[in-house]
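A.B. asks: Provided herewith is a single structure, encoded as structure tokens, for subsequent inquiry.
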Amino acid sequence: MRRNILNSFSLIAIVLLAVGCRPKKIIVATPDAPQEKVVVKADEKPQNLALLKSKDLPFNTLSLKGKTSLKVNGDENNVTLNIRMEKDKKIWVSVTGLAGIEGARAVITPDSLLLRNNLQKTYTKKPFSYVYSFTSKQVSFKMLQAVLSGNTITEFMTEKSDLKQENSVWVLNGNAEDLVYRILFNTLLKPNETNLNDVKNAQALKVVYGEYTPVNNALFPSSLKINSMSGAKKIDISIEFVKIESNVPVDFPFSVPKSYEVIN
């Protein structure tokens with residue numbers, strides 16, 4: 001695995017991000033959209049927003065493992081991605097190559113990020129605002145958490161957003177300062193595609209969710225694809241989850257060997 005690939009992945013994991021038998025997932029079929037035109041009343045927007053929000057997966061913790069294809073500026077590698085979350089508090093990410101060697105580990109909180117590059121033996125500690133070098137200033141920890149969990153983004157689920165139906169599915173549009181967003185839902189009322197664009201700063205993020213699977217009486221995406229662009233940098237990530245566990249005990253191990261160089 002090339003060092004520059006892991007280093008680039010670490011950056012997108014911050015912004016946002018065991019090989020074995022694949023467990024059989026139960027896939028929930030997405031109903032076809034009705035053919036008749038649906039009339040949406042403007043004064044029902046609060047109820048419609050609440051309906052979409054009600055489909056979110058409630059969780060205290062998440063433990064995820066995914067087989068991941070990572071492409072940075074056209075250079076592709078296959079890795080295993082482990083993600084652990086404690087809601088609203090912490091996101092832990094570990095990237096492992098096919099040889100079972102961990103290349104990078106990161107811990108993201110609402111205030112800070114820690115990044116350990118095991119291949120280059122370096123360590124970085126930055127405030128969360130460091131991610132604004134790679135994405136819009138409107139991106140928050142909770143927004144990253146929602147994107148990775150397939151939930152609605154709270155900052156956008158307001159009456160200031162434009163909510164309408166196109167081809168009989170819900171579409172949410174709006175802007176938060178320089179950030180323009182467009183979110184398409186499927187007929188399960190779950191996000192199908194999320195688009196975030198900051199034209200002023202030449203930054204864009206697109207997330208496409210695969211079929212959904214039941215988790216704790218709610219739904220979680222069985223796969224997702226992330227396309228990120230920041231200036232000339234382009235990163236594509238495709239994750240197929242092989243483990244999805246909610247509300248299980250998790251830990252967030254992160255230590256730095258004395259031999260590692262601190263990068264400011």
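A.B. asks: May I ask you to verify whether Gly103 is closer than 25 Å to Ser222 by Cα, in contact with a helix residue (DSSP H, G or I) (Cβ under 7 Å, 6 or more places away or on another chain) and outside any loop (DSSP other than H, G, I, E, B)?
C.D. replies: Spelling it out, Gly103 is indeed closer than 25 Å to Ser222 by Cα, in contact with a helix residue (DSSP H, G or I) (Cβ under 7 Å, 6 or more places away or on another chain) and outside any loop (DSSP other than H, G, I, E, B).
A.B. asks: Separate question: Taking the range 142-191 as the region of interest, how many residues are part of a loop (DSSP other than H, G, I, E, B) and closer than 30 Å to Arg84 by Cβ?
C.D. replies: Going through the range 142-191 one residue at a time, the tally reaches 10.
Per-residue answers, yes or no, for (1) among the acidic types (Asp, Glu); (2) surrounded by fewer than 12 Cβ atoms within 10 Å (Cβ to Cβ); (3) at pLDDT below 95:
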position: Lys41; (1), (2), (3): no, yes, yes
position: Lys55; (1), (2), (3): no, no, no
position: Asn60; (1), (2), (3): no, no, no
position: Asn73; (1), (2), (3): no, no, yes
position: Ile108; (1), (2), (3): no, no, no
position: Gln120; (1), (2), (3): no, no, yes
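A.B. asks: Related question: From (1) under 23 Å from Asn227 (Cα atoms); (2) surrounded by fewer than 17 Cβ atoms within 10 Å (Cβ to Cβ); (3) touching a strand residue (DSSP E or B) at 6+ places or on another chain (Cβ under 6 Å); (4) among the basic types (Lys, Arg), pick out the condition that doesn't hold for Arg182.
C.D. replies: Going through the list (1) under 23 Å from Asn227 (Cα atoms); (2) surrounded by fewer than 17 Cβ atoms within 10 Å (Cβ to Cβ); (3) touching a strand residue (DSSP E or B) at 6+ places or on another chain (Cβ under 6 Å); (4) among the basic types (Lys, Arg), Arg182 breaks only (2).
A.B. asks: So, in the range 224-237, exactly how many residues are surrounded by fewer than 19 Cβ atoms within 10 Å (Cβ to Cβ) and either among the hydrophobic types (A, V, I, L, M, F, W, C) or outside any loop (DSSP other than H, G, I, E, B) (or both)?
C.D. replies: Summing the residues that are surrounded by fewer than 19 Cβ atoms within 10 Å (Cβ to Cβ) and either among the hydrophobic types (A, V, I, L, M, F, W, C) or outside any loop (DSSP other than H, G, I, E, B) (or both) in the range 224-237 gives 7.
A.B. asks: Residues to consider are Val95, Val131; find the one that is surrounded by 16 or more Cβ atoms within 10 Å (Cβ to Cβ) and modelled with pLDDT of 90 or more.
C.D. replies: Being surrounded by 16 or more Cβ atoms within 10 Å (Cβ to Cβ) and modelled with pLDDT of 90 or more holds for just one of Val95, Val131, which is Val95.
A.B. asks: Given the options Val139, Val180, Val147, Val169, name the one that is among the β-branched types (Val, Ile, Thr) and within 21 Å of Ser63 (Cβ to Cβ).
C.D. replies: Values: Val139 fails: within 21 Å of Ser63 (Cβ to Cβ); Val180 fails: within 21 Å of Ser63 (Cβ to Cβ); Val169 fails: within 21 Å of Ser63 (Cβ to Cβ).
Of Val139, Val180, Val147, Val169, the one residue that is among the β-branched types (Val, Ile, Thr) and within 21 Å of Ser63 (Cβ to Cβ) is Val147.
A.B. asks: Follow-up question, since we're still on this one. Considering every residue within the range 178-191, establish whether at least one is touching a helix residue (DSSP H, G or I) at 6+ places or on another chain (Cβ under 6 Å) and either more than 26 Å from Glu44 (Cα to Cα) or of a type outside the set (Lys, Arg) (or both).
C.D. replies: Checked the range 178-191: at least one residue is touching a helix residue (DSSP H, G or I) at 6+ places or on another chain (Cβ under 6 Å) and either more than 26 Å from Glu44 (Cα to Cα) or of a type outside the set (Lys, Arg) (or both).
A.B. asks: Answer yes or no as to whether Phe220 is part of a strand (DSSP E or B), in contact with a Gly (Cβ under 7 Å, 6 or more places away or on another chain) and over 27 Å from Asn73 (Cβ atoms).
C.D. replies: Taking the combined requirement at face value, the residue satisfies it.
The values are calculated or read from the model by the stated rules, or taken from the named source; none is laboratory data. Only a predicted model underlies this, so the values are computations on that prediction, with no experimental measurement involved. A quick note on method: Cβ atoms are made from the backbone with ideal geometry, for glycine too, and the neighbour counts reach across all protein chains shown.
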